[in-house]
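Asks: What follows is a single structure, and I will ask about it in a moment.
The values are calculated or read from the model by the stated rules, or taken from the named source; none is laboratory data. Keep in mind the model is a prediction, meaning the values are calculated, not measured. Here the Cβ positions follow ideal geometry from the backbone for every residue, glycine too, while neighbour counts run over all protein chains shown.
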Amino acid sequence: MTSTSPSSRIALVTGGGTGVGKAIAAALVEAGWTVVVTGRRLAVLEETARTLGSGAVVPMAADIGDPAAVNALFEAIEDRFGRLDLLVNNAGTNVPPVALEDVTFDQWQTILAANLTGAFLCTQGAFRLMKRQVPRGGRIVNNGSISATTPRPNSAPYTATKHAIAGLTKSTALDGRPFDIACGQIDIGNAASDMTAKMSSGVLQADGRVAPEPTMDPAAVGAAVVHMAGLPLDINILTLTIMATKMPFVGRG
């Protein structure tokens, strides 16, 4: 089994300044990790670092849809820490829930860059570093969302990217095997955040109704990621679904 001591474990959380990403960062810090949080807005990342503990949280701004920015991010991580033990591909965005034919090409490109291209580029950066660091290896956890298996109405761009994340997860897990790189996916349903704020007032259901949906504390997501990340590298949780118990996902609801 390959592992590193708690004091030396370095994590990178994309989209780590707000919402679920911030909750994941907070849980990792509580578990003894040093966490690099990245996103496009440095001020937001710095506020997260101040809130969670400036010694354990390091803000590094980057547009993860930009290959040059991602390369610079991983170079900065290697220069500062010498290694990376965990990448959490959490960053993502959505487009307004409109009819499929009304989604603009710019909207499609934006969500593709944020949700899929960014995860791929960061996975490449993590592979390069994890292969050459000593001891080698590490873990990657992708935020798939339950949309990786089941769409909502009027969500084609988001759902397409999250289905693609499921394929990226499996390919990453396979290609990482020879190098002690484990990869798993967490599919999250209705964690309370800015993206899910509208759930309490009602969202469109598959049968045409508009109904409120329960949400859950994002701290539960953070705890689940900590569990996945804390396993030795010869053990992998390939997929994990965590959701508000009463949300309409299982069955016909």
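Asks: Taking into account only those residues within segment 19-49 that are assigned to a loop (DSSP other than H, G, I, E, B) and crowded, with 19+ Cβ neighbours inside 10 Å, which is nearest to the chain's Cα centre (by Cα)?
Replies: If we take residues in segment 19-49 being assigned to a loop (DSSP other than H, G, I, E, B) and crowded, with 19+ Cβ neighbours inside 10 Å, then Gly39 is nearest to the chain's Cα centre (by Cα).
Asks: Scan segment 159-195 for residues that are surrounded by fewer than 21 Cβ atoms within 10 Å (Cβ to Cβ) and of a type in the set (Ser, Thr, Tyr) and report the count.
Replies: Selection size over segment 159-195: 3.
Asks: Looking at segment 28-42, is at least one residue without any contact (Cβ under 8 Å) to a residue 12 or more places away in the chain and under 27 Å from Ala113 (Cα atoms)?
Replies: no
Asks: Filter segment 66-109 down to the residues that are small (Gly, Ala, Ser) and in contact (Cβ under 8 Å) with a residue 40 or more places away in the chain and list them by number.
Replies: Gly82, Ala91, Gly92, Ala99, listed by residue number.
Asks: Out of (1) within 17 Å of Ile10 (Cα to Cα); (2) part of a helix (DSSP H, G or I), the odd one out for Asn142 is which?
Replies: (2)
Asks: Considering only segment 211-223, I want to know if a residue exists there that is surrounded by 19 or more Cβ atoms within 10 Å (Cβ to Cβ), within 19 Å of Trp33 (Cβ to Cβ), touching a strand residue (DSSP E or B) at 6+ places or on another chain (Cβ under 8 Å) and modelled with pLDDT of 90 or more.
Replies: yes
Asks: Shifting gears a bit: On the basis of being at pLDDT 90 or above, touching a Leu at 6+ places or on another chain (Cβ under 6 Å) and in a helix (DSSP H, G or I), does Ala229 make the cut?
Replies: Spelling it out, Ala229 is indeed at pLDDT 90 or above, touching a Leu at 6+ places or on another chain (Cβ under 6 Å) and in a helix (DSSP H, G or I).
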